[in-house]
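Visitor: Okay, here's the structure, questions in a sec.
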Amino acid sequence: MEIGPIVRALTRNRTRVLLIVLQIAITLAVVTNAVNMIATERTKMKQASGFDDDNLLWVFSRPFADSFGDRAFRITTTRSDVRALRTIPGVKSVVNTNFIPWQGGGSSGEVKAAGGDGSSYRTQEYTASPAFTDTLGVKIVSGRNIGEGDINDEPNATTANVIISRGLERLIFKGQSAVGKQFIEPDNSVDTIVGVFDPFYNPYGWPIHEYCLVYPGTVARNGALFLVRVNPGAMKSVSQAVEKKLLSVNDGRNFEMRTISEVRDKYFTEGRIVIMAMTAVIILIVIVTGLGIVGVTSFSVTERKKQIGTRRALGATKSAILRYFLMENWLITNSGVLLGILLAYGLNYLLVTHTSGVKLDWRYLIAGVTLLWVQGIVATLVPAMRAAAVSPVIATRGV
Amino acid sequence: MFAYNLRIAIKSLRRHPLLTGVIIAGIALGICASTTFTTVRHMFARDPLPGRSSRIFYVRMDNWDPATPYPDDGGGTNPHHVPPQVAYRDAMELMRSNIPVRQSVMFAANVIVFPEKRAARPYSDRGRMVFSDFFTMFGVPFHYGGPWDRRADAKAEQVAVIDDATNQKLFGGTNSVGKRLRLGTRDFTIVGVLAPWRPFIRMYDVTQNFVQQPEPIYLPFNTAISMEIRPGGNSDGWKPVGPTYRDFLASDVDCLQFWVELRSPTDRASYQTFVDNYVRQEKTKGRFPRPLNNQVTSLLDLLKEIGIVRPAMTAMAVMSILFLIICSLNLTGLLLGKFLSRAPELSVRRALGATRGDIFLQHLIECELVGVAGGVIGMLLSLGVLRFIAKFITATTVISLDPEMILAALFLSLVAGGIAGLYPAWRACKLQPAVQLKV
Amino acid sequence: MLQMNGIKKVYRTELVETHALEGLSLNVGAGEFVSVMGPSGSGKTTFLNIAGLLDVFNGGTYLLDGKDVSRLSDREMSHIRNRNIGFIFQSFNLIPDLHVFDNVDVPLRYRGLAASDRKQRIERAVEMVGLSSRLRHLPSQLSGGQQQRVAIARVLAAEPKLILADEPTGNLDSLMAREIMDLLDDINKQGTTIVMVTHSPECAARASREIHLLDGRVVDVERPPAILESFKPAAQMPSSAAR
Ligand SMILES: Nc1ncnc2c1ncn2[C@@H]1O[C@H](COP(=O)(O)OP(=O)(O)O)[C@@H](O)[C@H]1O
Ligand SMILES: [Mg+2]
């Protein structure tokens, strides 16, 4: 088509063209980086815990009755609680543990392999009843699970049978089996590893997300913590029944409950805000820029009515006029896109260096360019069709 | 003349309602987005204690393992990284200094509240164990009564301060100063009731969820220790600790926040020396095995160090401002088209005696009108969006536009309207009267 | 070339119906140079619009080159305008954003000619109107007479069989007008049919026949059609001869 004359005509309307080119360029830069940010957050949110998150309920009992001042009483009540929770219809498994998935933290400590090179490793450490693996929905991959017989609630115990996550096994034993090996704790107590479970992921303030050590025991210090795994679909009925059930064991306390999905959502608050905000920005930007193109093209059609009529008089078909405007817009879009690619990388550089952003994926750039092309065509079509409808008679009329 | 120009501008806007709508909507969206995200960032970035923050300092000491430094956030081993809190025995020694004008060590813990009414169930609530200076240092507002005095701290008296909501719940909002409040196994006397207090950041304890609201119940630190209440927040230790409360008090477990108010840089320097000397002295007893590394950090520096302003907030603010720029470019394009399509009319006006200035003013007024209209609508939208975002961040905090942000948004819309309109208005006023009449 | 019989054109607006042409009948033979005169509002422009297939008519028949054009699609009309008809307008109608070369190029582009062919035609046409030195000038950089000569070059390059001119000298002073009339004369001598609306008796006299319109009707034909038939077929245009 007649690219040469179109380009030469465009250079006579520099401001109008420059405005749209800039707008398209910034749009491309913002849209691609916004998509990049969304994708980054999505990747983070895709991280699986390896647990049956959707069917887990966290229950916390806060006692106020004086009787809870006695440790032995707390332990027996906690055990009764577990038994009571298990009887609720729809409950698959219950564990008494101080571990709460997706909290963004937990507890940790350092261990040394007995007979190893003496180096210490930081790992997450939790106490739990044997139902830990069943309730989270993770598997013992080697050795055995901890059992009721391993539980020793004596505070000054110096030995324990423990299970660890496969991540921790790999970290410390470098490909060898951990089963049967021992850890020395900072207080010189000795843990014997009886089994290894997998998977495990719990985000922590330090990068020890996949390392976990589980002591068999009862968690009943200031209150008792439980994770309840329900059958799919039973979350609502179970959570309604929990409080009544536990009050029937002992009513000297209050309860807090949260589904692990809620905890997880809270953990990803920032990501969710970023995703929502950037999605909104993308949609709005496409609308605003689109309307801008419609507006500016409309004006330029109005302004050029006479010359459109002349072209029609000189033999241009309607589709030729349509094509003229689409081509003109495509050229403008492409100039914007070229500048936009530079801007996109520039903006990305700033985001990476100043806001811990992630490097721009070139595929989003291609998607962005395609989006702008489609947007350009759609936005130009309406005014371009108006241009094609201009009657050639205009040419002979004064105005 | 101004009134006449205003009238022409309004008439012009009303003649093309659709176009005017699109233009205003564009500006409104731009202002809404940029105001919203800069506000979110601003809420975290602003000084939580204006006027006082430069005098408030957070104290940390490196009492960690000689073998490895306290892990930094990357899990790496930055040798200058210190544990974020202090241990009880050190806090007690530091509290002896009289260099600070005010000081308080503190911790958070749950307490069990037994309402007077027999029918009401006891419940557990968040409490904070502080020294009386805490209330003044952090500008805590009182509705009834006030802080307990320093003597109550020294004698570990059973006095309490409760917040507005708790006072509503337990005493129906009446002045409860002097009333009894049963907490756990003991009876406390209420000495103060807080006025509603919603700091955006719980600046006095940033070691955990800092967007959480302040605690409902405040007790003297020493009283809490005498009740053997254990700190509820994060705690860090590297040495084994015995099971009893006594063991805990004597341990190196870092679980308390330590704040001092220092009058001047000189005081600050002498306080740093005081802390360093204390640690040197403890080193002779075999404690503090790591190199001397004590930090007396001002509140604002601490917030910066913790990274209260999340990188994502800055990124979103940048993106939203670029969006505003796009909206302004859009506005320029539309106004330029609009003004130039009116060229014949303008030529007639010019021919009939309108000066360049008149034409320029007429068009600039038109731009500012849409700018301000868009700005106001955008700000209202922004209020709604902020409320929505606040729900995400925390259920209790309200993010809203403070006067600073409202002024900024209005200014921004004026600037956006002005900058976007300047060129089109200039082009319009440059039109020659003759050229357009010829044809 | 052009046979109109009882052509009617009605403009309907909200308030009134204007009968711009009321049964206009007219024959123009190949190679003729006809001038159309008449008071303002008599329907001259309307007649040209219909003759040039710019506008549709409401009644009567119109044969262009022996072909009934009342039922053509927009596309076919565009093609005929592009290949067979050339327009010269009172206000020149050059495209302001394009320089002389590109302006003359416009109809050729729509014809889809090869670049070398177009270049040759444009350069020859611009040379014929004596503006070879102004190829890269914008319309705004030319005088009225020069602009009209560019418009004529645009027609020449397209080599139409029929040229329709609407007051081509209306915006020009008499000296420039004469230049334009000389050009049209030359073109007509090469065999191209010209129908020209004009207010100037002087210009009208240059034509071989004058037609007068009044209220949408032909009122007076200066010379009887018989004379027309005795006209010798005009010489071929140079480019046609070359083919
Ligand atoms: N688009 C139109 N709508 C309504 N009336 C028209 C239109 N164009 C021309 N007319 C009317 O048709 C009549 C003939 O107009 P025109 O052919 O332009 O006259 P001339 O060119 O001879 O001055 C006039 O009365 C004019 O007002
Ligand atoms: Mg006319």
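Visitor: So which residues in the stretch C:25-46 are touching a strand residue (DSSP E or B) at 6+ places or on another chain (Cβ under 7 Å) and more than 11 Å from ligand 1 (Cβ to nearest atom), if there are any at all?
Guide: If the condition is that a residue be touching a strand residue (DSSP E or B) at 6+ places or on another chain (Cβ under 7 Å) and more than 11 Å from ligand 1 (Cβ to nearest atom), then C:25, C:26, C:27, C:28, C:30, C:31, C:32, C:33, C:34, C:35 are the ones that fit.
Visitor: Search the stretch C:190-211 for residues being part of a loop (DSSP other than H, G, I, E, B) and buried (at least 20 other Cβ atoms within 10 Å of the Cβ), and hand back the single one that is farthest from ligand 1 (Cβ to nearest atom).
Guide: Filtering the stretch C:190-211 for residues that are part of a loop (DSSP other than H, G, I, E, B) and buried (at least 20 other Cβ atoms within 10 Å of the Cβ), the one farthest from ligand 1 (Cβ to nearest atom) comes out as C:192.
Visitor: Still on this model: Among the candidates A:299, A:226, single out the residue that is more than 30 Å from residue B:319 (Cβ to Cβ) and either more than 10 Å from chain B (Cβ to nearest Cβ) or part of a helix (DSSP H, G or I) (or both). Quick ask: steps written out before the conclusion?
Guide: Values: A:299 fails: more than 30 Å from residue B:319 (Cβ to Cβ).
Checking each option against the conditions leaves just A:226.
Visitor: Let me ask another. Quick check: anything in the stretch B:8-19 assigned to a strand (DSSP E or B) and surrounded by 15 or more Cβ atoms within 10 Å (Cβ to Cβ)?
Guide: The answer is no; no qualifying residue exists.
Visitor: Scan the stretch A:91-107 and report the pairs whose first residue is more than 20 Å from residue A:218 (Cβ to Cβ) and whose second residue is open to solvent by 30 Å² or more (accessible area, probe 1.4 Å) and part of a strand (DSSP E or B), with Cβ atoms within less than 8 Å and a gap of 6+ or a chain change.
Guide: Listed by first residue and then by second, the contacts come to A:92/A:229.
Visitor: For residue A:367, state whether it is away from ligand 2 (no atom under 16 Å from the Cβ), assigned to a helix (DSSP H, G or I), surrounded by 22 or more Cβ atoms within 10 Å (Cβ to Cβ) and away from chain C (no Cβ under 14 Å).
Guide: For residue A:367, the condition - away from ligand 2 (no atom under 16 Å from the Cβ), assigned to a helix (DSSP H, G or I), surrounded by 22 or more Cβ atoms within 10 Å (Cβ to Cβ) and away from chain C (no Cβ under 14 Å) - is not met.
Visitor: Got a sec? Which of B:128, B:102, B:96, B:180 is closer than 29 Å to residue B:236 by Cα, touching a strand residue (DSSP E or B) at 6+ places or on another chain (Cβ under 6 Å) and open to solvent by 60 Å² or more (accessible area, probe 1.4 Å)?
Guide: Exactly one of B:128, B:102, B:96, B:180 is closer than 29 Å to residue B:236 by Cα, touching a strand residue (DSSP E or B) at 6+ places or on another chain (Cβ under 6 Å) and open to solvent by 60 Å² or more (accessible area, probe 1.4 Å), namely B:102.
Visitor: Shifting gears a bit: Any residue at all in the stretch C:146-164 that is within 16 Å of ligand 2 (Cβ to nearest atom), touching a residue at least 60 places away in the same chain (Cβ under 8 Å) and within 13 Å of chain A (Cβ to nearest Cβ)?
Guide: Among the residues of the stretch C:146-164, at least one is within 16 Å of ligand 2 (Cβ to nearest atom), touching a residue at least 60 places away in the same chain (Cβ under 8 Å) and within 13 Å of chain A (Cβ to nearest Cβ), which makes the answer yes.
Visitor: Among the residues of the stretch C:1-33, write down those that are within 16 Å of ligand 2 (Cβ to nearest atom) and of a type in the set (Lys, Arg).
Guide: The one that is within 16 Å of ligand 2 (Cβ to nearest atom) and of a type in the set (Lys, Arg): C:9.
Visitor: Then there is this: Looking only at the stretch B:293-302, count how many residues are free of Cβ contacts under 8 Å to residues at least 24 places away in the same chain and part of a loop (DSSP other than H, G, I, E, B).
Guide: Summing the residues that are free of Cβ contacts under 8 Å to residues at least 24 places away in the same chain and part of a loop (DSSP other than H, G, I, E, B) in the stretch B:293-302 gives 0.
Visitor: Of the residues that sit in the stretch C:161-189 and are in contact with a Ser or Thr (Cβ under 7 Å, 6 or more places away or on another chain) and not in a helix (DSSP H, G or I), which one is nearest to residue C:114 (Cα to Cα)?
Guide: Ranking the qualifying residues of the stretch C:161-189, first place goes to C:161.
Visitor: Looking at residue C:65, is it under 25 Å from residue C:35 (Cβ atoms), modelled with pLDDT under 90, open to solvent by 20 Å² or more (accessible area, probe 1.4 Å) and within 11 Å of chain A (Cβ to nearest Cβ)?
Guide: Details: under 25 Å from residue C:35 (Cβ atoms): yes; modelled with pLDDT under 90: yes; open to solvent by 20 Å² or more (accessible area, probe 1.4 Å): yes; within 11 Å of chain A (Cβ to nearest Cβ): no.
It is false that residue C:65 is under 25 Å from residue C:35 (Cβ atoms), modelled with pLDDT under 90, open to solvent by 20 Å² or more (accessible area, probe 1.4 Å) and within 11 Å of chain A (Cβ to nearest Cβ).
Visitor: When you go through C:54, C:98, C:94 one by one, which is the residue that is open to solvent by less than 30 Å² (accessible area, probe 1.4 Å), within 11 Å of chain A (Cβ to nearest Cβ), out of contact with any Leu (no Cβ under 7 Å at 6 or more places or on another chain) and within 16 Å of ligand 1 (Cβ to nearest atom)?
Guide: C:54
Visitor: What's the number of the only condition in (1) in contact (Cβ under 8 Å) with a residue 40 or more places away in the chain; (2) within 14 Å of chain A (Cβ to nearest Cβ); (3) open to solvent by less than 60 Å² (accessible area, probe 1.4 Å) that residue B:278 fails to meet?
Guide: (2)
Visitor: Would you list the strands (runs of 3 or more DSSP E) that sit entirely within the stretch B:42-141 and hold 3 or more residues that are modelled with pLDDT of 90 or more and either closer than 16 Å to residue B:215 by Cα or within 14 Å of another protein chain (Cβ to nearest Cβ) (or both)?
Guide: Output list reads B:102-114, B:123-130.
Visitor: Scan (1) open to solvent by 20 Å² or more (accessible area, probe 1.4 Å); (2) modelled with pLDDT under 85 for the single condition residue B:343 breaks and write down its number.
Guide: Going through the list (1) open to solvent by 20 Å² or more (accessible area, probe 1.4 Å); (2) modelled with pLDDT under 85, residue B:343 breaks only (1).
Visitor: While we're on this one: Return yes or no: is residue C:36 within 16 Å of ligand 2 (Cβ to nearest atom), open to solvent by less than 20 Å² (accessible area, probe 1.4 Å) and out of contact with any Gly (no Cβ under 7 Å at 6 or more places or on another chain)?
Guide: Taking the combined requirement at face value, the residue satisfies it.
Visitor: Out of (1) over 18 Å from residue A:124 (Cβ atoms); (2) assigned by TED's automatic domain parsing to the domain that holds residue A:110, the odd one out for residue A:168 is which?
Guide: Against the list (1) over 18 Å from residue A:124 (Cβ atoms); (2) assigned by TED's automatic domain parsing to the domain that holds residue A:110, residue A:168 comes up short only on (1).
Visitor: Note down all Cβ pairs under 6 Å where the first residue falls in the stretch B:156-169 and is in a helix (DSSP H, G or I), the second is modelled with pLDDT of 95 or more and among the hydroxyl-bearing types (Ser, Thr, Tyr), and they're at least six residues apart or on different chains.
Guide: As it stands, the answer is none, since no pair meets every condition given.
Visitor: Taking the conditions exactly as written (away from chain C (no Cβ under 14 Å), more than 16 Å from ligand 1 (Cβ to nearest atom) and of a type in the set (A, V, I, L, M)), does residue A:372 satisfy them or not?
Guide: Criteria met by residue A:372.
Visitor: For the stretch A:53-69: of the residues being within 12 Å of chain B (Cβ to nearest Cβ) and surrounded by 21 or more Cβ atoms within 10 Å (Cβ to Cβ), which is farthest from residue A:268 (Cα to Cα)? Lay out the reasoning, then the answer.
Guide: Kept after step one, since they are within 12 Å of chain B (Cβ to nearest Cβ), are these residues of the stretch A:53-69: A:60-66, A:68-69.
Now drop any that are not surrounded by 21 or more Cβ atoms within 10 Å (Cβ to Cβ), which leaves A:61, A:63, A:68.
Numbers: A:61: 26, A:63: 31, A:68: 36 Å.
Filtering the stretch A:53-69 for residues that are within 12 Å of chain B (Cβ to nearest Cβ) and surrounded by 21 or more Cβ atoms within 10 Å (Cβ to Cβ), the one farthest from residue A:268 (Cα to Cα) comes out as A:68.
Visitor: For a quick check of your reading of the model, give me the residue pairs whose first member lies in the stretch B:28-43 and is within 19 Å of residue B:304 (Cβ to Cβ), whose second is assigned to a helix (DSSP H, G or I), with beta-carbon atoms closer than 6 Å and at least 6 apart or on different chains.
Guide: So the pair list comes out as B:38/B:317; B:40/B:313; B:41/B:313; B:41/B:317.
Visitor: Based on this model, can you work out whether residue A:7 counts as assigned to a helix (DSSP H, G or I), within 14 Å of chain C (Cβ to nearest Cβ) and among the aliphatic types (A, V, I, L, M)?
Guide: yes
Visitor: Taking only pairs six or more apart or across chains, which ones have beta-carbon atoms under 6 Å, a first residue in the stretch C:41-55 that is near ligand 2 (Cβ under 9 Å from one of its atoms), and a second residue that is part of a helix (DSSP H, G or I)?
Guide: Final answer for the pair search is C:45/A:396.
Visitor: Restricting to the stretch A:10-51, name every residue that is more than 10 Å from every other protein chain (Cβ to nearest Cβ) and surrounded by fewer than 19 Cβ atoms within 10 Å (Cβ to Cβ).
Guide: Of everything in the stretch A:10-51, those that are more than 10 Å from every other protein chain (Cβ to nearest Cβ) and surrounded by fewer than 19 Cβ atoms within 10 Å (Cβ to Cβ) turn out to be A:14, A:39, A:42, A:43, A:44, A:45, A:46, A:47, A:48.
Condition check ((1) within 11 Å of another protein chain (Cβ to nearest Cβ); (2) open to solvent by 50 Å² or more (accessible area, probe 1.4 Å)) across all residues:
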{"site": "A:315", "(1), (2)": "yes, no"}
{"site": "A:318", "(1), (2)": "yes, yes"}
{"site": "A:326", "(1), (2)": "no, no"}
{"site": "A:342", "(1), (2)": "no, yes"}
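Visitor: Let me ask you something else. Taking the conditions exactly as written (within 16 Å of ligand 2 (Cβ to nearest atom) and either of a type in the set (Gly, Ala, Ser) or surrounded by fewer than 16 Cβ atoms within 10 Å (Cβ to Cβ) (or both)), does residue C:130 satisfy them or not? Can you show your working first?
Guide: Numbers: within 16 Å of ligand 2 (Cβ to nearest atom): no; either of a type in the set (Gly, Ala, Ser) or surrounded by fewer than 16 Cβ atoms within 10 Å (Cβ to Cβ) (or both): yes.
For residue C:130, the condition - within 16 Å of ligand 2 (Cβ to nearest atom) and either of a type in the set (Gly, Ala, Ser) or surrounded by fewer than 16 Cβ atoms within 10 Å (Cβ to Cβ) (or both) - is not met.
Visitor: Within the stretch B:293-344, count every residue that is facing another protein chain (nearest Cβ under 9 Å) and of a type outside the set (A, V, I, L, M, F, W, C).
Guide: So the answer is 11.
The values are calculated or read from the model by the stated rules, or taken from the named source; none is laboratory data. Quick caveat, the model's predicted, so the values are computed rather than measured. Cβ coordinates were reconstructed from backbone atoms using ideal geometry, including for glycine residues, and neighbour counts include every protein chain displayed. Keep in mind that these areas ignore ligands, DNA and RNA; they rest on the heavy atoms of the full protein, side chains included. Shrake-Rupley method; radii C 1.70, N 1.55, O 1.52, S 1.80 Å.
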